[in-house]
Amino acid sequence: MKFLFKFFTIILIIFSDSLCNEIVFKKIGSYNILDTTTLKVTKNYYVPRYFKASWINAGLICNFYGMKFAQFDVAEEFESVRQMLKKYSDILTEWTHIDGITLTGKSTNDWYWSHIERKIRFPLRWKSGQPNFYKSKQWCLSLGSKTDKDFYFNDIECSGTAEHKFLCQNTDKSGRISPGDVPHPG
């Protein structure tokens, strides 16, 4: 069964990236950010419909499908995504993997978006008791939990084998700024 799923996924990729993304991933919402030019950047967020992955594989799968592992530019964007996740909590697992690592394993404020190598520039809203850097192995970010629907930050093992749903994103920079748009720092 897994072979057939992978085979048809590859066929869909060859014929239509957007069709494949719609079949394999569920779009849970979008967030608009204005860049420093006159373009509006729309970030679209996706959760896989039929499979889960470890944290390390989640980022690779996002890339395979032409997307990026989810990361947030500002606190308002994170809050917007939290609301999206609450709306679609029925398709999530206990934890939802996102991009993000710490290099020290000691601080709640020393976290980076790993795929762009940039420090996270807003205060992280941690789940109670987190980060705990359990057994000195939890150095990566996830959001949790589906059970209480809070979707605050949680630390998780980067190289662990626990498979959960994850969040990917892509961007569309084709929109033009309209007079009512309010810029967010990007």
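The values are calculated or read from the model by the stated rules, or taken from the named source; none is laboratory data. Computed from a prediction, not measured in an experiment: that's the story for all the values here. Neighbour counts are summed over all protein chains in view; Cβ atoms, including those assigned to glycine, are modelled from backbone coordinates with ideal geometry.
Listed values, structure above:
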| quantity | calculated |
| --- | --- |
| Hey, TYR112 within 16 Å of ALA70 (Cα to Cα), surrounded by fewer than 18 Cβ atoms within 10 Å (Cβ to Cβ) and without any contact (Cβ under 8 Å) to a residue 60 or more places away in the chain or not | yes |
| Test result for ALA75, touching a Phe, Trp or Tyr at 6+ places or on another chain (Cβ under 9 Å), small (Gly, Ala, Ser) and within 23 Å of VAL24 (Cα to Cα) | no |
| Selection status of TYR31, surrounded by 14 or more Cβ atoms within 10 Å (Cβ to Cβ), at pLDDT 75 or above and hydroxyl-bearing (Ser, Thr, Tyr) | yes |
| Residues of region 130-147 satisfying the condition of being at pLDDT below 90 and under 29 Å from ASN32 (Cβ atoms) | GLY144, SER145, LYS146 |
| Qualifying residue in region 65-80 (condition: at negative phi, in contact (Cβ under 8 Å) with a residue 12 or more places away in the chain and in a strand (DSSP E or B)) | yes |
| Filter result for SER142 (within 23 Å of PHE51 (Cα to Cα), touching a His at 6+ places or on another chain (Cβ under 7 Å) and among the hydroxyl-bearing types (Ser, Thr, Tyr)) | yes |
| Members of region 105-122 found to be out of contact with any Phe, Trp or Tyr (no Cβ under 9 Å at 6 or more places or on another chain) and either of a type in the set (Val, Ile, Thr) or at negative phi (or both), listed by number | SER107, ASN109, ASP110, TYR112, ILE116, ARG121 |
| Hits in region 87-101 (condition: exposed (fewer than 15 other Cβ atoms within 10 Å of the Cβ) and either at pLDDT 90 or above or in contact with a Leu (Cβ under 8 Å, 6 or more places away or on another chain) (or both)) | LYS87 |
| Odd one out for ALA75 among (1) surrounded by fewer than 20 Cβ atoms within 10 Å (Cβ to Cβ); (2) under 23 Å from LYS52 (Cβ atoms); (3) modelled with pLDDT of 90 or more | (2) |
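Table: residues versus (1) modelled with pLDDT of 90 or more; (2) in contact with a Lys or Arg (Cβ under 9 Å, 6 or more places away or on another chain); (3) of a type in the set (A, V, I, L, M, F, W, C).
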{"site": "LEU103", "(1), (2), (3)": "no, no, yes"}
{"site": "TRP113", "(1), (2), (3)": "yes, yes, yes"}
{"site": "PHE122", "(1), (2), (3)": "yes, no, yes"}
{"site": "ARG125", "(1), (2), (3)": "yes, yes, no"}
{"site": "LYS165", "(1), (2), (3)": "yes, yes, no"}
